[in-house]
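The values are calculated or read from the model by the stated rules, or taken from the named source; none is laboratory data. Note that the structure is predicted; figures quoted are calculated from it, not measured. Positions of Cβ are generated from backbone atoms using ideal geometry, with glycine treated the same way; all protein chains shown enter the neighbour counts.
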């Protein structure tokens with residue numbers, strides 16, 4: 001029998017805007033017969049907001065456990081990508097030190113993570129390391145994530161993935177990242193739930209171990225009675241409380257994580273994170289507009305995966321000089337092996 005799980009994560013003063021609508025521990029055509037997308041063994045809905053920004057120039061969905069974001073604050077006097085009330089909400093969490101979270105003052109949690117040469121961001125059930133969520137992927141099925149839109153803040157009109165929170169125009173870009181415990185495990189992501197057209201193409205990307213793709217949000221485009229093109233925005237509610245098996249709205253971006261070819265295990269865990277571009281808007285034709293997100297993609301930190309939180313070297317380890325190539329190569333192998341071992345141990349603990 002399929003079980004429905006609803007997630008509402010609370011941690012260290014910040015709330016993840018993630019809702020798991022359904023989850024089947026034993027997916028089959030029969031168990032998933034009553035859901036909108038039976039190809040998805042799990043289905044999430046997320047809202048993106050500045051209060052869960054992971055690098056300071058983005059909107060995302062979960063707290064950045066394990067990261068010191070004080071090093072990423074813009075310098076005094078430099079332009080912020082957020083304004084007004086949205087800026088105040090952004091500052092509540094970004095610019096804080098999240099190292100040791102969750103459970104920074106919990107000696108039991110810290111000792112357990114230390115015994116595994118890991119950190120609580122990777123060993124605790126309620127953790128979201130660097131803003132990543134964790135899911136289980138079944139062979140022949142996918143983990144689907146519906147990006148509902150931009151979270152409302154105060155009285156502003158939110159939940160519009162292609163619109164600046166303060167009602168400015170301009171398409172946003174999406175950064176999609178995923179990481180598996182084993183570096184040779186394939187992980188893919190693609191658009192589902194809409195046709196692939198020339199004006200609004202679908203995207204698909206695959207990688208081994210670490211997946212990173214940055215692309216346009218590709219909202220649905222309709223033509224009005226005056227033959228003018230308009231994006232179709234998601235039909236959302238004020239929050240993610242609705243536990244429905246159908247998509248929120250025609251304008252939502254719906255993504256499916258899956259394994260296409262080299263699926264070594266029938267069930268494996270992986271981390272995923274979705275971020276939308278958020279830069280200082282520019283005035284164009286008397287309206288604020290987001291800059292081209294393609295340039296934003298190039299300014300993102302592409303190494304920001306959960307495994308980067310691990311420090312696998314022994315406490316008294318002395319790294320060899322860089323000019324001793326043979327030792328350096330050996331040290332790299334040791335480090336890579338230790339990272340994989342620690343990551344696998346963390347995944348096993350949470351399974």
| task | Read through the list (1) part of a strand (DSSP E or B); (2) modelled with pLDDT under 90, then give the number of the only condition that residue 75 fails. | result | (1)
| query | Among all residue pairs at least 6 apart or on different chains, which show Cβ distances below 8 Å where the first residue, located in region 38-59, is on the phi > 0 side of the Ramachandran plot and the second is in a loop (DSSP other than H, G, I, E, B) and at pLDDT below 95? | reply | 56/73; 56/74; 56/81; 56/94
| query | Given (1) on the phi > 0 side of the Ramachandran plot; (2) modelled with pLDDT of 60 or more, where does residue 107 come up short, assuming only one miss? | reply | (1)
| remark: The one condition residue 9 fails out of (1) at pLDDT 55 or above; (2) surrounded by 17 or more Cβ atoms within 10 Å (Cβ to Cβ) is (1)
| remark: Filter region 257-282 for residues that are touching a helix residue (DSSP H, G or I) at 6+ places or on another chain (Cβ under 8 Å) and more than 20 Å from residue 209 (Cβ to Cβ); the one that is modelled with the highest pLDDT is 277
| query | Hey, residue 90 hits all of (1) in contact with a strand residue (DSSP E or B) (Cβ under 8 Å, 6 or more places away or on another chain); (2) closer than 22 Å to residue 296 by Cβ; (3) modelled with pLDDT under 70 but one; which does it fall short on? | reply | (1)
| note | Note on region 100-132: residues closer than 23 Å to residue 17 by Cβ, out of contact with any strand residue (DSSP E or B) (no Cβ under 6 Å at 6 or more places or on another chain) and crowded, with 21+ Cβ neighbours inside 10 Å are 103, 120, 124, 130
